[in-house]
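Accompanying notes for the structure given below.
The values are calculated or read from the model by the stated rules, or taken from the named source; none is laboratory data. Since the model is a prediction, treat every value here as computed from it, not as a measurement. Backbone-built Cβ (ideal geometry, glycine too); neighbour counts: all protein chains shown. Surface accessibility is based on the protein's heavy atoms, side chains included, excluding ligands, DNA and RNA. Shrake-Rupley method; radii C 1.70, N 1.55, O 1.52, S 1.80 Å.
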Amino acid sequence: MPLDSSTESLSYPPASRSDVVDVLHGVSVADPYRWLEDPDSAQTQAFVAAQNTLSEPILAALPGRPVFDDLVSQILHAPSVGLPHERHGRTFAWVNDGTANQDWFVVSDEGGVPSLEDRVLLDPNGLDTAGTTAVTSWSVSPDGELLAYALAEAGSDWRTIRVLDVATGALRPDQIRWTKWVEPTWLPDSSGFLYWVHDAPTGATFADVTEAGYLRLHRLGDAPADDVTVWHRPDAPKLFAYPDVAGDWLVIRYAAGSSGPSDLAVRRLVPGPRGIDIDADEVALTSDARARWAVLGARGGRLVLHTDDGAPRRRIVTIDPDGVGAGSEPEFRELVAESADGVLRPESALTADGLVLVYSRDATHRVVLAGFDQADDDGVPVGVTEARRAVDLGEAVTVAGLDVEEGSAVVHVRTVSFTDAGTNHRVVTAPAPKHKVLAGPAGAFDVGEVCVTRPRATSVDGTEVPMFLVQRADLADGAPRPTLLYGYGGFRIEVNPEFRAIFVAWVAAGGTLAVATLRGGGEYGEQWHDAGTKDRKQNVFDDLYACAEWLRSSGTASAIAVHGRSNGGLLVGAAMTQRPELWAAALPTVGVLDMLRFHRFTVGWAWCSDYGDPDDAAEFPALYAYSPLHRVRDDVTYPPTLICTGDHDDRVVPAHSLKFGAELQHALSGGSGESGPVLLRVDTRAGHGMGKPKDAQAAEFADQLAFAAHHTGLDPEPPV
């Protein structure tokens, strides 16, 4: 079936429109596709099937699809060895020889550098016939004898925790269902672990609001029903608690939003009849939710914490929990000051002799080693050495992983870039610093020589907005080329140089890639993030438009396809409804598109920290003003649009994409006929994207890239 630039050759599947109208803060808001919010109804499933029946043959017939399918498959199926993790003489890593849909978890019992030849401890590929069950979190016990891992089906955020014996590979009987978010956190003696769990859902498993969880301690061999609840706040059901074990303390960090401030409390770890236990007495270190915290560990009886408290570009402080009493102010001592030269990342870690510090500078990362200065012989750090040693990781890289075993002087660092799928580094911090680049497996995808530049655009309020521009070196001649513009802009998340299959395939095929550094992200500290939140969210969209206008006015882009996932899907939805004339194609993926009801499903309420609360009369107007679903009009020419989602997405529920697609198709059917087409691609037995098999990823990316290429005029020509 040919793909036309108009809607005349397409007959969109019929979708009934109801007369549902909500009155929100005095405003009447129609919601004719409310019925699509039930993912399991026969009506919704019929709608999804009809949309896929329409889109599948159209996408399959795109002229560039075979080329992109081949490129993306090569990229995703290249051999890989992930970040090494050393635990008690063993080394663990995720690996793939290029043949498997899901990576294997291997162990080297003798330690050393992990490889494809090591013993496979866990193979997710055989967990179900569809290949959509994935390991989404995992943790090796401190003694290196046990692996606790969490399984998710069809991309769901719901997880089931299982435990393996490392020596034998035997599966233990321990099984804990209905967990989320928190990876299993082991006690220091490996006798048990902490986890975050919810009551079993009683309604729609993939859509109901998720609240009021429990932080529990599981002793190996016990029935989950006997697990002890360590922390539970039914009076504050929207608080999530994250545990860290540091020295003699369990540190509980709890927060109400995805990117909002948190508080800290501690409970002492004490000897018990079955191993280390957790004291019932809890001491609050903070209680005013004024800052964000991360726990790096403990030294000399003091906790070492990463924070933005009093430091928008972040710093490291210490505190003695024993010194915090009733009515007394906690005394935080600064260990590493805020830097004007970069944002200090929470991936920083303690080593045997000091700290490994990760800094983000202009959205690229660097690693610095710093030793402790000590005031006495009890190991209490009071500062770090002035002479810090930078580790040469290369230019324009991102630290994708960092691991240090407790008390070790060995640091493993994994870096990625726009052209490097992953390089592992082994850094020894003491007695003399040493750095070795570990050899990777043969067969990595080679995009060839590329040119990466960092131009700046100017947003409407005068703010400078950087972006990465990536082109094949043989095509970086200044001539305008079809361009894929990607952005995110939210939740303090950095958008750094990253080896994404969809990016690499576009560049390899001859397109220009632009990755925008938008406000709302964490690239330049807390002020940069705050400037893109709540009633300032429009700044994020304006930043994107500034980048698009620069790409056009500079002669860089001949046509632009705009792409984003999740919060980035919201970005694309806003962009195509506010500035449709800028885009030759739009690719909103698993996007948040209904800004008046996002908080009514799964964990959407946690996003109010960034978006604002639709139930708050003061915050409603800004949300309603840009909500993509509510900005669709039948007298506007919209760009060709491919909306992608998963029918089991329980983070950003598929209703966002389904309702937005139905509304756009309705507007096109009743409008001028010059817009579109608008296609919905709904992946069945798929969620938000986590753990998606490589073949399924390849199919989605090939469809998106071929659609973007068709509408921007890119004739894909991979380098010879």
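Odds and ends about this structure:
- Calculated FRET efficiency, Glu581 to Arg536, Cβ-Cβ distance, R0 = 41 Å: about 0.95 to the nearest 0.05.
- Ordering Ser28, Val452, Ser259 by the projection of their Cα atoms onto the charge dipole of the chain, which places +1 on the Cβ of Lys and Arg and -1 on the Cβ of Asp and Glu, puts Val452 at the extreme positive end.
- From phi via Karplus (6.51, -1.76, 1.60), per-residue ³J(HN,Hα) for region 191-197 in Hz, x at Gly/Pro: 7, x, 9, 9, 8, 10, 9
- HN-Hα J in Hz across region 521-533 - Karplus 6.51, -1.76, 1.60, θ = phi - 60°, x for Gly and Pro: x, x, 5, 10, x, 5, 5, 5, 5, 4, 5, x, 10
- Label sites at Ala60 and Ala387, each approximated as a point 7 angstrom past Cα along Cα to Cβ, lie 6.7 nm apart.
- Distances between placed amide hydrogens fall under 5 Å for Thr458 paired with Val465, all partners being 5 or more residues away or on another chain.
- Largest first, the extents of the alpha carbon coordinates of region 384-509 on the three principal axes equal 53, 43, 26 Å.
- In sequence order, region 121-133 has phi-based couplings of 8, 9, 10, x, 5, x, 6, 7, 5, 7, x, 9, 8 Hz under the Karplus curve 6.51 cos²θ - 1.76 cosθ + 1.60, θ = phi - 60°, and Gly or Pro positions carry x.
- Label-zone membership for region 340-369, site Val428, 7 angstrom Cα→C-beta point, backbone N under 11 Å: none
- Peptides 67-79, 277-289 ordered by average Cβ neighbours within 10 Å, highest first: 67-79, 277-289
- Modelled FRET efficiency - R0 51 Å, Ser287 with Lys436, Cβ distances, 0.05 increments: 0.65
- Kirkwood Rh, angstrom, region 242-382 [1 / mean 1/r, Cα pairs]: 15.9
- Read-out volume of the Cα convex hull per residue in Å³, derived from the coordinates shown; its label in [x] 244; [y] 179; [z] 162: [z]
- Cβ charges +1 (Lys, Arg) and -1 (Asp, Glu), total dipole of region 84-164, debye: 200
- Carbon plus sulfur fraction of accessible area for region 457-516, probe 1.4 Å, in percent: 46
- Long-range amide H partners of Ser115 with built H, under 5 Å: none
- On a per residue basis, the chain carries 37 Å² of accessible surface, using protein heavy atoms and a 1.4 Å probe.
- Cα-centre dipole for the chain with unit charges at Cβ (Lys and Arg positive, Asp and Glu negative), debye to 20: 740
- When the solvent-accessible area of region 54-154 is split by element, carbon and sulfur atoms take up 51 percent of it, the probe being 1.4 Å.
- Extended-chain gain in nm, criterion 0.36 nm per residue less alpha-carbon gap, Val228 and Asp461: 78.6 nm
- Here, region 168-314 is characterised by an Rg to Rh ratio of 0.98, where Rg is the alpha-carbon radius of gyration and Rh the Kirkwood radius.
- Positive-end extreme of charge dipole, region 316-440 - chosen from His412, Leu393, Ile319 (charges on Cβ): Leu393
- 0 to 90° range, to nearest 10: angle between helix 538-553 axis and the chain longest Cα axis: 60
- The angle between the Cα long axis of helix 567-578 and the main principal axis of the chain comes to about 30°, on a 0 to 90 degree scale.
- Counted residue by residue at 0.36 nm each, then reduced by the alpha carbon distance between them, the extension gain from Ala337 to Thr684 reaches 120.0 nm.
- Members of Lys180/Lys692; Lys537/Lys694; Lys180/Lys694 lying beyond 27 Å, as alpha-carbon distances in this model show: Lys537/Lys694
- Cα lying deepest toward the dipole's positive end in the chain, options Ala421, Pro693, Phe332, charges on Cβ: Ala421
- Calculated FRET efficiency for the pair Leu24/Arg119, C-beta based, R₀ 56 Å, to 0.05: 0.45
- Region 382-443: GluC sites (Glu not before Pro) in DSSP loop, at most 13 other beta carbons within 10 Å: Glu386, Glu395
- Other-chain or far-sequence residues with amide H under 5 Å of Gly247's (modelled H): Ala298
- One decimal place: the segment Gln45-Ser328 gains 96.1 nm when fully extended, by the rule 0.36 nm per residue minus the C-alpha distance.
- Basic side chains Lys and Arg get +1 at the Cβ, acidic Asp and Glu get -1 at the Cβ, and with that the dipole of region 367-515 about its Cα centre reaches some 580 debye.
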